[in-house]
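Read the structure below first, then the notes.
The values are calculated or read from the model by the stated rules, or taken from the named source; none is laboratory data. All values derive from a computational prediction rather than experimental measurement. FYI the Cβ positions are ideal-geometry reconstructions off the backbone, even for glycines, and counts take in every protein chain you see. For the accessible areas, the whole protein counts, side chains as well, though only heavy atoms, and no ligand, DNA or RNA atoms are used. Shrake-Rupley method; radii C 1.70, N 1.55, O 1.52, S 1.80 Å.
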Amino acid sequence: MNNIKNIDVENKKVIVRVDYNVPIEDGKILDNSRIVASLETIKYLIDKNAKIILMSHLGKITKETDKEKNTLLPVKEELSKLLNMDIKFSKCLKGEELENIINELKPGEIVLLENTRYMDVPNILESNCDTELSKYWASLGEVFILDAFGSAHRMHASTYGISIYLPHAIGFLVEKEIENLDKIKNENKIILLGGAKVSDKIGVIKNLLDKTEYFLIGGAMCASFLKAKDIKVGTTFVDTEKLEELKELLKTNKIILPIDVVTENGIKKVSEINDDESILDIGPETIELFTSKLKEDTLILMNGTMGKYEELKYENGTKSIFEFLKTGNYKVVVCGGDTGSAKEKYNYDAYYTSTGGGASLKYLEGKVLEPLKIMETDYKENIEDKTEDLSSEVEEKKEEEKQETPKEEKLIVLNHKSYLGYEEIKKYKEEIKKINYNNLVLMPNIAYIELFNSSNITLGSQNFFSYNFGSYTGETSLEILKDLGVTYTLVGHPERLTLRLDTYEEIKEKLFKSVSSGFKTILCLAHDEKDKTLKKELKYYLKGIDLSSIKNLIIAYEPSEKIDSDYIDKDDILDKKYLIKTYCKKEFDINVPFLYGGGLTKENINEVLEVTDGVILGKISTNIEKLKEIIDNIK
């Protein structure tokens, strides 16, 4: 692997991707360990008279209002104190102002760029490893150093994209991480696992099973294991699609689960959790059980906390584990994230602390981390290949970038609802032929679909019945729609929910039947001020979906209050886009198309198409003249 010592950095502009994703409260850094961990590489570059360009992300940026609370300015001040020197700061991530700051750097000087994830609004450029952004950032330097192990499992523009276009190497922090994790890869161990989702850890459990005596499972993720044993867990999140795998893992007798927990209502035996309660910490009996399994002669690996340790009433589980470890000569490796912060909070001196949480687990799991893999290749090879021979994951990223396709290629769905009569729809049929737009999907009333099935118009259905041919008076099945030439369906529209024409259970059943039958299926999600209902709907509808047919899924966001209005909320659209796309990428590894509906006019259509994969037009689409105006106004 290319190392910083083996690459020429003398007097050069060096871009260093660091990991300054640190906890900040009221502008004060609560744990600076990740900043301290980066100093060795920075000091080495100062000694080499390099002009140093530091890049990092901080938190999540889904909308403009997220930026202020996730600025790296506090990090700039902390770094300045640690190095006892002035650090320049660039609020810009692109443009002449940034380029001037970098060009004016003197040997040994440092500029810290603002949070790279600012480039995820309005379009998700950083996190989607946008090619043009990667090239631009690479143009700012002459060498790229990856020293952010905590982000080495993410193929972002700043962690991976830049390295395609510059000579590259790992820094001292990443080198130490690899050396230390390699030492324990094959060592017999006991693993304490916490956190929210078992899906994030199941690969680790499977791949480390042979080398692990016990997995002590705390945090909210224990709920999925308890559910696999038919124990009720209240409102705690459960990965239902993983239950069969968890049942198999439980048969190994290496999985140790809580016997009591702390909920909103206090300590409860796991068999006594009420339907309206959630698991927020492990109980005293579980603490005793877990600590009885820990041994001084066996490596202990910690990832994730035992509960919501940030809150005083739910910190006892995490705190007690660390206090117990202080009483003996235990060899403990702490894997970053919340676990690292908790270790600092309770003043525990671990054998080794990794700056990576998810990255450490994936590395120990034996998975390829692409930002590290490219560090094994020579830059000249990439140039000769003209970056064509990229990994399959990079090709995926290129597919994701297609969301930035020209606007004329974006999907426009015309949902007629029940507005037009028979004579009106016949006139409409003749007029719509004159509209020059290649990616229209027409959803007329079901009674009129057959009028269009001999035309070149792509047809969709506003509704259908879940079952096929049979004694179902008044219903239209998917098989009948297929015979009529329908290729798109719409499920979950908020109007049908409001009118009680569908239940959530019926929507889920329709969704599963439609995607598995090969229809491009648009799942509509409605509005919620705090995203709670939307998140619950998303998780509920997609749990258990056939992974082989999920490629047929399209998700639309259509807030009820915007239907048939003439105004939009772009921040809200971006927020929901990020929520939906991020969830689907993480859970199913797909870049789900995202549509928006409600309040669309010829004046705002371009603004919406800039940040979505398409739109749903309702009542306005039944007025052929207004529809033409909208189409003609698309740039």
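Before moving on, here are some points about what is shown:
- Checking each residue in the range 65-80 for being in a helix (DSSP H, G or I) and over 15 Å from Leu30 (Cα atoms) picks out Thr65, Asp66, Glu68, Ser80.
- Any hit, the range 386-395, residues being at pLDDT 50 or above and surrounded by fewer than 20 Cβ atoms within 10 Å (Cβ to Cβ): no
Residue-wise test of (1) of a type in the set (Gly, Ala, Ser); (2) more than 29 Å from the chain's Cα centre (by Cα); (3) under 19 Å from Thr353 (Cα atoms).
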{"site": "Ile231", "(1), (2), (3)": "no, yes, no"}
{"site": "Thr236", "(1), (2), (3)": "no, no, no"}
{"site": "Glu245", "(1), (2), (3)": "no, no, no"}
{"site": "Thr252", "(1), (2), (3)": "no, yes, no"}
{"site": "Val270", "(1), (2), (3)": "no, yes, no"}
{"site": "Leu294", "(1), (2), (3)": "no, yes, yes"}
{"site": "Lys326", "(1), (2), (3)": "no, yes, yes"}
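- Selection from the range 1-48 of residues that are among the polar types (S, T, N, Q), buried (at least 17 other Cβ atoms within 10 Å of the Cβ) and modelled with pLDDT under 95: Asn2, Asn21, Asn32
- Flag if Leu105 is modelled with pLDDT of 95 or more, part of a loop (DSSP other than H, G, I, E, B), open to solvent by less than 30 Å² (accessible area, probe 1.4 Å) and more than 25 Å from Lys576 (Cα to Cα): yes
- The range 130-150, residues that are open to solvent by less than 10 Å² (accessible area, probe 1.4 Å), over 23 Å from Glu97 (Cβ atoms) and touching a helix residue (DSSP H, G or I) at 6+ places or on another chain (Cβ under 7 Å): Ile145, Leu146, Asp147, Phe149
- Number of residues in the range 466-495 that are at pLDDT below 85, more than 18 Å from Ile555 (Cα to Cα) and open to solvent by 40 Å² or more (accessible area, probe 1.4 Å) equals 9.
- When Gly336, Gly356, Gly283 are checked against the criterion of being on the phi > 0 side of the Ramachandran plot and touching a strand residue (DSSP E or B) at 6+ places or on another chain (Cβ under 9 Å), Gly336 stands alone in meeting it.
Yes or no, residue by residue, for (1) touching a residue at least 12 places away in the same chain (Cβ under 8 Å); (2) not in a strand (DSSP E or B):
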| residue | (1), (2) |
| --- | --- |
| Glu450 | yes, yes |
| Asn468 | no, yes |
| Lys482 | yes, yes |
| Glu495 | yes, yes |
| Arg500 | no, yes |
| Ile507 | yes, yes |
| Ile522 | yes, no |
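- Among the residues making up the range 325-339, a single one is basic (Lys, Arg) and surrounded by 15 or more Cβ atoms within 10 Å (Cβ to Cβ): Lys331.
- Members of the range 237-248 found to be buried (at least 19 other Cβ atoms within 10 Å of the Cβ) and under 15 Å from Gly203 (Cβ atoms), listed by number: Asp239, Leu246
- Test result for Ala342, surrounded by fewer than 20 Cβ atoms within 10 Å (Cβ to Cβ), aliphatic (A, V, I, L, M) and either assigned to a loop (DSSP other than H, G, I, E, B) or within 28 Å of the chain's Cα centre (by Cα) (or both): no
- Out of Lys63, Lys67, Lys76, sole residue that is over 30 Å from Ile580 (Cβ atoms), charged (D, E, K, R) and within 29 Å of the chain's Cα centre (by Cα): Lys76
- Qualifying residue in the range 84-97 (condition: out of contact with any His (no Cβ under 7 Å at 6 or more places or on another chain), open to solvent by less than 30 Å² (accessible area, probe 1.4 Å) and assigned to a helix (DSSP H, G or I)): no
- Subset of the range 614-635 (residues that are open to solvent by less than 30 Å² (accessible area, probe 1.4 Å) and either hydrophobic (A, V, I, L, M, F, W, C) or in contact with a strand residue (DSSP E or B) (Cβ under 7 Å, 6 or more places away or on another chain) (or both)): Gly614, Val615, Ile616, Leu617, Gly618, Ser621, Ile624, Leu627, Ile630, Ile631, Ile634
- Test: Leu442 is part of a strand (DSSP E or B), surrounded by 14 or more Cβ atoms within 10 Å (Cβ to Cβ) and not polar (S, T, N, Q): yes
- Qualifying residues in the range 263-299 (those that are in contact with a Phe, Trp or Tyr (Cβ under 6 Å, 6 or more places away or on another chain) and at pLDDT 95 or above) - the one surrounded by the most Cβ atoms within 10 Å (Cβ to Cβ): Asp281
- For the range 108-122, a residue qualifies if it is under 16 Å from Asp575 (Cα atoms) and open to solvent by 30 Å² or more (accessible area, probe 1.4 Å), and the qualifying residues are Tyr118, Met119, Pro122.
- Of the set (1) touching a Pro at 6+ places or on another chain (Cβ under 8 Å); (2) of a type outside the set (A, V, I, L, M, F, W, C); (3) open to solvent by 20 Å² or more (accessible area, probe 1.4 Å), all apply to Lys602 but (1).
- Qualifying residue in the range 311-324 (condition: touching a residue at least 40 places away in the same chain (Cβ under 8 Å), among the charged types (D, E, K, R), in a helix (DSSP H, G or I) and exposed (fewer than 15 other Cβ atoms within 10 Å of the Cβ)): yes
- Screening the range 535-568 for residues that are farther than 30 Å from Ser517 by Cα and exposed (fewer than 15 other Cβ atoms within 10 Å of the Cβ) and picking the one that is modelled with the highest pLDDT gives Tyr567.
- Residues (in a helix (DSSP H, G or I) and within 40 Å of the chain's Cα centre (by Cα)) located in the range 425-439: Ile432
- Asp571 passes every criterion in (1) farther than 30 Å from Lys433 by Cα; (2) surrounded by fewer than 16 Cβ atoms within 10 Å (Cβ to Cβ); (3) free of Cβ contacts under 8 Å to residues at least 60 places away in the same chain apart from (3).
- Tally, over the range 108-126, of residues that are assigned to a loop (DSSP other than H, G, I, E, B), touching a residue at least 40 places away in the same chain (Cβ under 8 Å) and more than 12 Å from His57 (Cβ to Cβ): 6
- Residues that are open to solvent by less than 50 Å² (accessible area, probe 1.4 Å), charged (D, E, K, R) and under 23 Å from Phe290 (Cα atoms), drawn from the range 154-212: Lys189, Lys197, Lys201
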